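The values are calculated or read from the model by the stated rules, or taken from the named source; none is laboratory data. Being a predicted model, the structure only gives us computed values, none of them experimental. When we count neighbours, we look across all protein chains shown, and the Cβ atoms used for this are built from the backbone with ideal geometry, even at glycine.
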Ligand SMILES: Nc1ncnc2c1ncn2[C@@H]1O[C@H](COP(=O)(O)OP(=O)(O)O)[C@@H](O)[C@H]1O
Ligand SMILES: [Mg+2]
C-alpha cells in the first residue's frame, strides 16, 4: 500500500435549510485501502457520498478524489470513481445484460471493451446464468449485485459503496462482502458506508465513526478499541427500572457508563466478572428482577456507546 491519498476530504459541509446534515468533515482514504464510514441512520453518510460523487453540491469545504476537486473538476472525478448508491437504480424491464450495456454506454464504453466488461461483470457478480432475465424479476440481493456491477463497468480505481447490504438475504450479503474484498485485492480503493459494525470490522483497514453529521473518531480497528480500553458491555433487561438503582450503578467503581435503551439498560464496565455480583445484589434490594443479560467483549459498538452515550443499532 502506498501513502498516496485516494480521497482527501477537507472541511466538507452540507446544510439542508440551515440543518447541518454534514459538518466540517475531515478524513483521508489512502490508495489501496478499504475505508469505512460507520454511523447510524441519519448520521450523514449518504449526504457525504452524494457530495463525493458530485451529485450534490457542498455548502462548504471540498474533497480531492485522486487529486481532482469535487467542486472544480466533477468530470474527472466521475471518470475516476464508481458509485454504488443506497437506492437501487436499474431498468426493471431490461435484463442484466441489457442494463449493463446501457450503463456501460453511459460511461463511454464501446465495442469490444464494452462487451468484454459486460461479460466480466456478469461473472464477478454471479449473474451470468440469469443474464437474459428481466432485472425486475430478480431477488433484492441479485438487484443489489447488478447495481454494484454497474459501478464497476468502467474499471474505476476508486469505488464507493453506500450501505450495499441493507435489506438483503445473508447469502447475498456474504457475496457482496467477499466481492468488496476481491476488488480491493485487485488494487481498487474502497470507501464503504454501513451502520453494521460487524461489516466495518470485517472489511476495513481504517474506520471513521460518524454521528449527527460529524466524525467522532477514526483509526484502525485496534486504535479504536484502545479508546474504550478493556471495557465490557453488559446489557440487562429489568422487570422495572427504579431511578435510584441506576443512579447507584453509575457511582459503582468499575462502572464507566449506564444508559437506558427502552426496556434495557446498558453498562460499560471495566470487568464484568467483578461488577455483576454487585449489580445483582443491588437489583434484588430494589426488588427488581434481572430477566435478561448479555455480555460483550469490547467492540466498535462499545466505542460508539462510549463517545455518544447511545447504541449504534436502531
Ligand atoms: N434532501 C434532504 N433534505 C433535507 N434533509 C435531508 C435530505 N437528505 C438527508 N437529509 C437529512 O440529513 C441527515 C443525514 O441524512 P443521510 O445523509 O441520508 O444519513 P445516512 O445516510 O447516514 O442515514 C438526516 O437527518 C436526514 O434526514
Ligand atoms: Mg444513507
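Some points to look at:
- Residues of region 30-54 classified as in contact with a helix residue (DSSP H, G or I) (Cβ under 7 Å, 6 or more places away or on another chain) and over 14 Å from residue 7 (Cβ atoms), total: 2
- Residues located in region 30-47, provided they are buried (at least 22 other Cβ atoms within 10 Å of the Cβ) and either more than 16 Å from ligand 2 (Cβ to nearest atom) or at pLDDT below 95 (or both): 34, 35
Residue-wise test of (1) within 25 Å of residue 198 (Cα to Cα); (2) surrounded by 19 or more Cβ atoms within 10 Å (Cβ to Cβ); (3) out of contact with any helix residue (DSSP H, G or I) (no Cβ under 9 Å at 6 or more places or on another chain).
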| site | (1), (2), (3) |
| --- | --- |
| 11 | no, no, yes |
| 28 | yes, no, yes |
| 56 | no, no, no |
| 60 | no, no, yes |
| 72 | no, no, yes |
| 75 | no, no, yes |
| 84 | yes, yes, no |
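- Number of residues in region 18-55 that are within 12 Å of ligand 1 (Cβ to nearest atom), more than 14 Å from residue 215 (Cα to Cα), in contact with a strand residue (DSSP E or B) (Cβ under 7 Å, 6 or more places away or on another chain) and in a loop (DSSP other than H, G, I, E, B) equals 0.
- The conditions of being surrounded by 19 or more Cβ atoms within 10 Å (Cβ to Cβ) and not in a loop (DSSP other than H, G, I, E, B) are not met by residue 250.
- Residues (surrounded by fewer than 22 Cβ atoms within 10 Å (Cβ to Cβ) and in contact with a helix residue (DSSP H, G or I) (Cβ under 8 Å, 6 or more places away or on another chain)) located in region 17-26: 21
- Pairs with Cβ under 6 Å, 6+ apart, first in region 125-137 and assigned by TED's automatic domain parsing to the domain that holds residue 93, second surrounded by fewer than 17 Cβ atoms within 10 Å (Cβ to Cβ) and modelled with pLDDT under 95: 135/92; 136/92
- Filter pass, residue 219 being within 19 Å of residue 195 (Cβ to Cβ), assigned by TED's automatic domain parsing to the domain that holds residue 33 and surrounded by 20 or more Cβ atoms within 10 Å (Cβ to Cβ): no
- Residue within region 130-139 that is under 25 Å from residue 65 (Cβ atoms) and assigned to a loop (DSSP other than H, G, I, E, B) present: no
- Checking each residue in region 174-200 for being more than 26 Å from residue 41 (Cβ to Cβ) and out of contact with any strand residue (DSSP E or B) (no Cβ under 8 Å at 6 or more places or on another chain) picks out 182, 185, 186, 187.
So that you can scan it fast, the table gives a plain yes or no per residue for (1) within 19 Å of the chain's Cα centre (by Cα); (2) more than 22 Å from residue 183 (Cα to Cα); (3) in contact (Cβ under 8 Å) with a residue 60 or more places away in the chain:
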position: 6; (1), (2), (3): yes, no, yes
position: 19; (1), (2), (3): no, yes, no
position: 23; (1), (2), (3): yes, yes, yes
position: 29; (1), (2), (3): yes, no, yes
position: 38; (1), (2), (3): yes, no, yes
position: 44; (1), (2), (3): yes, yes, yes
position: 49; (1), (2), (3): yes, no, yes
position: 54; (1), (2), (3): no, yes, no
position: 62; (1), (2), (3): no, yes, no
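- Residues that are over 30 Å from residue 67 (Cα atoms) and touching a helix residue (DSSP H, G or I) at 6+ places or on another chain (Cβ under 6 Å) within region 140-151 comprise just one, 141.
- Test: residue in region 56-70 that is at positive phi and modelled with pLDDT under 95: no
- Residues being within 15 Å of ligand 1 (Cβ to nearest atom) and in a loop (DSSP other than H, G, I, E, B) - total across region 2-17: 1
- So residue 10, is it within 21 Å of the chain's Cα centre (by Cα) and touching a residue at least 12 places away in the same chain (Cβ under 8 Å): yes
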